[in-house]
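Structure first, then comments.
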Amino acid sequence: MMAMDSDEVIDLATFGQLLELDDDEDDREFSASLLSNYFGQAHETLGKMRVSLAANDLAALGKQGHFLKAHIAADAYHCGGGLVPPERMQLLGAHRTVDGRCVDEATALQEAARLISQIELECNEGRARMEAFYKTVFA
């Protein structure tokens, strides 16, 4: 098994638990399929987030952030520094910041645009690391 360095994109403890679900350590088919599904869903959700952002639909962005947050917890993706960007997106959908302040729609949309870029960047980095580990390209 290829070793992975600890970082802010992959939660190594959760990833280790995911690997324990595999029947065969040589092909890791089960965990690879879970991650492939996650990255496909993340890509689709990011597309929906861009559409919601263009429509100034903070409520939809909040729901999409919640969807990603739920899947991240199960699939070993992690961001350092407190709340992960999808959870912050969920809060923005309710016009709130991580410290509980209310924000106006323009501020929330500006922050949402920044978070979408951050989520995409971190998702791509996590995907690249997982593809290197599994020696495959996720669809």
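The values are calculated or read from the model by the stated rules, or taken from the named source; none is laboratory data. Keep in mind the model is a prediction, meaning the values are calculated, not measured. Cβ coordinates were reconstructed from backbone atoms using ideal geometry, including for glycine residues, and neighbour counts include every protein chain displayed.
Details
- Filtering the range 12-24 to residues that are assigned to a helix (DSSP H, G or I) and not hydrophobic (A, V, I, L, M, F, W, C) leaves Thr14, Gly16, Gln17, Glu20.
- Reported count of residues in the range 44-59, each being touching a residue at least 40 places away in the same chain (Cβ under 8 Å) and within 13 Å of the chain's Cα centre (by Cα), is 2.
- Counted residues, the range 75-102 - those being among the hydrophobic types (A, V, I, L, M, F, W, C), farther than 14 Å from Ile119 by Cα, crowded, with 19+ Cβ neighbours inside 10 Å and modelled with pLDDT of 75 or more: 2
- Taking the numbered list (1) at pLDDT 85 or above; (2) within 16 Å of the chain's Cα centre (by Cα); (3) assigned to a loop (DSSP other than H, G, I, E, B) in turn, Asp27 passes all entries but (2).
- Condition broken by Leu34, with the remaining ones in (1) of a type in the set (A, V, I, L, M); (2) closer than 18 Å to Arg127 by Cβ; (3) at pLDDT below 85; (4) in a helix (DSSP H, G or I) satisfied: (3)
- Enumeration of residues in the range 37-74 that are basic (Lys, Arg) and modelled with pLDDT of 90 or more: Lys48, Arg50, Lys63
- Residue within the range 129-137 that is in a helix (DSSP H, G or I), under 18 Å from Ile10 (Cβ atoms), at pLDDT 90 or above and of a type in the set (Ser, Thr, Tyr) present: yes
Listed here are the residues, each with its yes/no results for (1) farther than 17 Å from Asn37 by Cα; (2) out of contact with any Cys (no Cβ under 9 Å at 6 or more places or on another chain); (3) surrounded by fewer than 17 Cβ atoms within 10 Å (Cβ to Cβ); (4) touching a residue at least 60 places away in the same chain (Cβ under 8 Å).
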position: Asp104; (1), (2), (3), (4): yes, yes, yes, no
position: Ala108; (1), (2), (3), (4): yes, yes, no, no
position: Arg114; (1), (2), (3), (4): yes, yes, yes, no
position: Gln118; (1), (2), (3), (4): yes, no, yes, no
position: Leu121; (1), (2), (3), (4): yes, yes, yes, no
position: Arg127; (1), (2), (3), (4): no, yes, no, yes
position: Ala132; (1), (2), (3), (4): no, yes, yes, yes
position: Thr136; (1), (2), (3), (4): no, yes, yes, yes
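- Flag for Ala106 being at pLDDT 90 or above and either assigned to a helix (DSSP H, G or I) or polar (S, T, N, Q) (or both): yes
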